[in-house]
Amino acid sequence: MISLSKRIETILEQRKEQSLFRTLRISENLIDFCSNDYLGFARSEKLQLAIHQQCKNGYLSTGATGSRLLAGNTAFVENLEKQIANFHRAESGLIFNSGYDANVGLLSSIPQKNDFLITDELIHASMIDGARLSYATRYKFRHNDVEDLTKKLAKIEEDKTANPLLKDAQVFVAIESVYSMDGDLAPLLAIVDTCAQFGANLIVDEAHATGVFGKHGEGLVNELQVENKVFARIITFGKALGCHGAIIVGSNTLRNYLINFARSFIYTTSAPMHSHISVQCAYDLLQSDTFSNKNLHHLIDFFKRQARLNSTIELIESPSAIQCIIISGNENCRAVANTLQSKGLDIRPIVSPTVPKGKERLRICLHDFNTEEQILQIFEVLNKL
């Protein structure tokens with residue numbers, strides 16, 4: 001019988017042969033076109049000083065000491081949840097330790113047996129994992145294809161009409177407002193209208209929209225003023241806010257339900273006070289009179305204009321901070337990324353099967369702290385290849 005160690009080694013070797021082997025890397029002294037720190041909050045001296053001042057004021061606990069349902073709850077975190085919910089124009093909110101925990105907790109607990117859960121085919125792995133844990137009947141619709149979503153919803157409506165046991169079944173639709181691999185936006189207004197037509201409950205992950213869209217970074221749902229038509233939103237703190245954790249915003253009833261049934265909330269130690277202080281200070285920055293994400297959007301437009309000057313560059317259309325250039329073939333894509341890194345530019349390849357074969361790409365994340373000169377360096381390298 002093969003040993004467990006040998007089996008694991010064989011699986012890893014197969015992954016290497018398929019050019020899929022992952023390793024941890026440390027990128028030092030490279031220009032950041034890789035991180036999700038869209039607003040530069042993770043490196044903000046102003047934010048660091050605000051956090052330090054709050055900690056000096058007496059919030060010195062190094063650990064939460066337990067779950068929120070035991071010793072880990074505080075008035076501070078409950079007030080923070082109210083502040084964030086108000087900022088996103090929601091009735092209530094519940095903080096989770098990560099965006100992964102939030103998505104798994106929500107999607108595994110809300111849809112019940114006999115319910116239906118329809119997801120965009122390109123949703124994040126955390127949403128997929130949450131959906132897999134659900135007892136609901138699951139369907140996928142083609143990426144951003146409202147017509148296909150409509151067909152799925154109409155079919156479910158027929159099934160509910162034909163089966164008396166399904167008369168009280170709820171239907172959920174789960175999407176991202178900005179998709180992490182392409183940077184493209186969901187057709188949110190059309191999806192909202194379609195869900196309303198069929199009485200479906202819409203769940204929107206705003207991980208890559210928070211901080212980037214909305215006058216004060218409220219996200220795409222708030223920018224389009226459809227917050228009252230969305231059942232639940234997942235807002236993460238680890239991207240544009242430069243912190244860690246996430247919050248689900250929605251109704252008071254939703255919050256109470258998650259406290260009782262979201263296992264990723266119930267059975268884990270709460271984040272430490274320092275983490276919650278960091279999030280509060282980040283939101284204070286978003287809400288300040290000096291906040292603006294206009295420079296970020298200027299750089300996004302500048303990048304796209306430069307890309308269009310080279311007819312050989314295949315750019316995925318995106319108004320977000322995530323810009324992708326198609327470089328077909330895993331090895332070819334990795335080689336181009338390595339060349340860019342050798343020139344001091346931290347740009348990573350996204351290869352199949354993470355993305356479809358032939359659609360391998362350079363994933364370039366733009367930030368408020370990047371410059372036009374740094375962006376031009378990207379195209380100087382690409383134009384010589």
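The values are calculated or read from the model by the stated rules, or taken from the named source; none is laboratory data. Quick caveat, the model's predicted, so the values are computed rather than measured. Positions of Cβ are backbone-derived with ideal geometry, glycine not excepted, and every protein chain shown enters the neighbour counts.
Using the structure shown, decide if residue 212 is crowded, with 24+ Cβ neighbours inside 10 Å and closer than 18 Å to residue 103 by Cβ. Answer is no for this residue.
Every residue, every condition in (1) at pLDDT 95 or above; (2) over 17 Å from residue 152 (Cα atoms); (3) in a loop (DSSP other than H, G, I, E, B), yes or no:
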| site | (1), (2), (3) |
| --- | --- |
| 181 | no, yes, yes |
| 193 | yes, no, no |
| 209 | yes, yes, yes |
| 217 | yes, yes, yes |
| 221 | yes, yes, no |
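For residue 94, the requirement of being more than 20 Å from residue 173 (Cα to Cα) and touching a strand residue (DSSP E or B) at 6+ places or on another chain (Cβ under 9 Å) is met. Comparison of 120, 184, 101 shows that the only residue that is closer than 17 Å to residue 261 by Cα and within 23 Å of the chain's Cα centre (by Cα) is 101. Would you check if there is a residue in segment 123-134 being more than 16 Å from residue 236 (Cα to Cα) and either modelled with pLDDT under 95 or among the basic types (Lys, Arg) (or both)? Yes, segment 123-134 contains a residue that is more than 16 Å from residue 236 (Cα to Cα) and either modelled with pLDDT under 95 or among the basic types (Lys, Arg) (or both).
For segment 116-156, a tally of residues being in contact (Cβ under 8 Å) with a residue 40 or more places away in the chain and out of contact with any Asp or Glu (no Cβ under 9 Å at 6 or more places or on another chain) returns 8.
The rows are residues; the columns are (1) in contact with a helix residue (DSSP H, G or I) (Cβ under 6 Å, 6 or more places away or on another chain); (2) crowded, with 22+ Cβ neighbours inside 10 Å.
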{"position": "289", "(1), (2)": "no, no"}
{"position": "302", "(1), (2)": "yes, no"}
{"position": "313", "(1), (2)": "yes, no"}
{"position": "332", "(1), (2)": "no, no"}
{"position": "366", "(1), (2)": "yes, yes"}
{"position": "384", "(1), (2)": "no, no"}
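Taking the criterion of being surrounded by 14 or more Cβ atoms within 10 Å (Cβ to Cβ), part of a helix (DSSP H, G or I) and either touching a residue at least 60 places away in the same chain (Cβ under 8 Å) or more than 27 Å from the chain's Cα centre (by Cα) (or both), the residues of segment 47-78 that qualify are 47, 50, 51, 54, 55, 76, 77. When the helices (runs of 4 or more DSSP H) confined to segment 267-385 are screened for residues that are closer than 20 Å to residue 30 by Cβ and free of Cβ contacts under 8 Å to residues at least 12 places away in the same chain, those reaching at least 3 such residues are found at 330-342. Can you tell me which residues in segment 123-165 are surrounded by 15 or more Cβ atoms within 10 Å (Cβ to Cβ), in a helix (DSSP H, G or I) and under 24 Å from the mean Cα position of the chain (by Cα)? Answer for segment 123-165, where residues must be surrounded by 15 or more Cβ atoms within 10 Å (Cβ to Cβ), in a helix (DSSP H, G or I) and under 24 Å from the mean Cα position of the chain (by Cα): 126, 127, 128, 130, 131, 146, 148, 149.
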